[in-house]
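Engineer: Sending over a structure as structure tokens; questions will come in a sec.
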Amino acid sequence: MTNIPIRQTILATLAFTFSNWQKLLEMSIFPLLAAIPFITILPELMTILQSQLFGVGEIQEYPRFYELYLLLFDYAYMALIINIYRFVVSGPQSVARLGVVFPNLRLGRFFLLFIVLSIATQFPIFISPFLVPIIYFLLIPISLNLVSLANDMSYKKIKLSLSVQFGVLIIKLGVPVVLVGLIILLGAGEIIFWSAMLLIIYWMAISFALCYKVIMANNSTQNH
């Protein structure tokens, strides 16, 4: 496979989202409930971080059970991503009612790879933010295994051409970057900003899973 159809995949992501928005909302119920405790203390955490980083206001202690709430939030985020990957690749029958995802060996493998990739993509922020898209680009073949693991498939080495990797990067991150840029340019309010951040999570997961389907289908055809 030499290229991935960028325009068609973007349109397919939009079409999939609009035609399946009810199912997407249903599978988000369990992750949302698990994330609520952390969301409720998020404003307080933002105030604490501002006081620690910029010396604004008095330095306060972190809320009680902060670590537990953060762990639940991470679990909720992974559950949502797993549900979306399953839905896009394997269909609605692969997702449990209300998006329930119980801890198991499959989730453990997904969790380990997810943590490794998160550290690898976030660490460059401390050096230079411009390194983040480069690291994302380099890790795309490995990241595709998150979709495999979410769908009960084993980890495997995925080889991609540079043009395909660049196409996936544009589809997954290009649209969110443009959206965030427009929000900042227009000076939109905080509610609109956080709503856009939520939509970006769905966009990145759906578009990435669709890219995975295209790549795997093409590789399967070439192997035959």
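Engineer: Could you tell me how many degrees, from 0 to 90 and to the nearest 10, lie between the Cα long axis of helix 175-186 and the main elongation axis, the longest principal axis, of the Cα atoms of the chain?
Structural biologist: That helix lies at roughly 40 degrees to the long axis.
Engineer: Also: Run the dipole for the chain about the Cα centre, Lys and Arg Cβ at +1, Asp and Glu Cβ at -1, nothing else charged, and hand back the magnitude in debye, nearest 20. Each step should come with its number before you reach the end.
Structural biologist: On the way: 12 positive and 8 negative charges, 211 e Å.
Result for the chain is approximately 1020 debye, rounded to the nearest 20.
Engineer: To continue, here is another question. Of the labelled options [x] 59, 37, 36; [y] 65, 38, 31; [z] 61, 34, 30, which one gives Cα extents along the principal axes in Å as computed for this structure?
Structural biologist: The value matching this structure is [y].
Engineer: Quick one: grab the alpha carbon gyration tensor of segment 161-205, order the square roots of its eigenvalues as a ≥ b ≥ c, and give me rounded if a/c is under 1.5, else prolate or oblate depending on whether a/b is larger than b/c.
Structural biologist: Values: a/c = 6.37, a/b = 2.16, b/c = 2.95.
In terms of gyration-tensor shape, oblate.
Engineer: So, one more: Can you pull the one-decimal nm distance between simple spin-label points at residue 177 and residue 159, each 7 Å off the Cα toward Cβ?
Structural biologist: Placing both labels 7 Å beyond Cα along the Cβ direction yields 2.8 nm.
Engineer: Can you give the extra length, in nm with one decimal, that the chain gains between residue 131 and residue 67 once fully stretched, where that is 0.36 nm per residue apart less the Cα-Cα distance? List each step's numbers first, then the result.
Structural biologist: On the way: separation 64, 0.36 × 64 = 23.04 nm, distance 2.90 nm.
That pair, residue 131 and residue 67, stretches by 20.1 nm at full extension.
Engineer: Total Lys pairs in segment 6-219 closer than 19 Å by alpha-carbon, pairs eight or more apart in sequence or interchain only?
Structural biologist: Numbers: 156/213; 157/213; 159/172; 159/213; 172/213.
Eligible lysine pairs with Cα atoms under 19 Å apart amount to 5.
Engineer: Taking the highest mean first, how do the peptides 179-190, 161-172 order by number of other beta carbon atoms within 10 angstrom per residue?
Structural biologist: Values: 179-190: 10.8, 161-172: 18.2.
Ranked by mean Cβ neighbours within 10 Å, highest first: 161-172, 179-190.
Engineer: I would also like to ask the following. Ranked highest first by average number of other Cβ atoms within 10 Å, how do 29-38, 8-17, 120-129, 149-158 line up? Mind dumping the intermediate values first?
Structural biologist: Numbers: 29-38: 18.3, 8-17: 16.0, 120-129: 11.9, 149-158: 14.2.
Top to bottom by mean Cβ count within 10 Å: 29-38, 8-17, 149-158, 120-129.
Engineer: Using only helices, what value at 222 nm comes out for the chain when you add -39,500 (n - 2.57) per DSSP H run of length 4 or more and divide by the total residues, to the nearest 500 deg cm²/dmol? Display every interim value, and only then the final one.
Structural biologist: On the way: 9 runs with 163 residues, N = 224.
It lands at -24500 deg cm²/dmol.
Engineer: Okay, next question. With unit charges on the beta carbon (Lys/Arg positive, Asp/Glu negative), name the residue among 158, 48, 104 whose Cα is farthest towards the positive pole of the charge dipole of segment 6-219.
Structural biologist: 158
Engineer: At what distance in nm do the modelled label points of residue 199 and residue 118 sit from each other, each positioned 7 Å from its Cα along Cα→Cβ?
Structural biologist: 2.5 nm
Readers should treat all values here as calculations from the given coordinates under stated rules, not as data from a laboratory. Predicted model, so just to flag it, every value in this text is computed and none were measured. Reconstructed Cβ throughout: ideal geometry from the backbone, glycine too, with neighbour counts over all protein chains shown.
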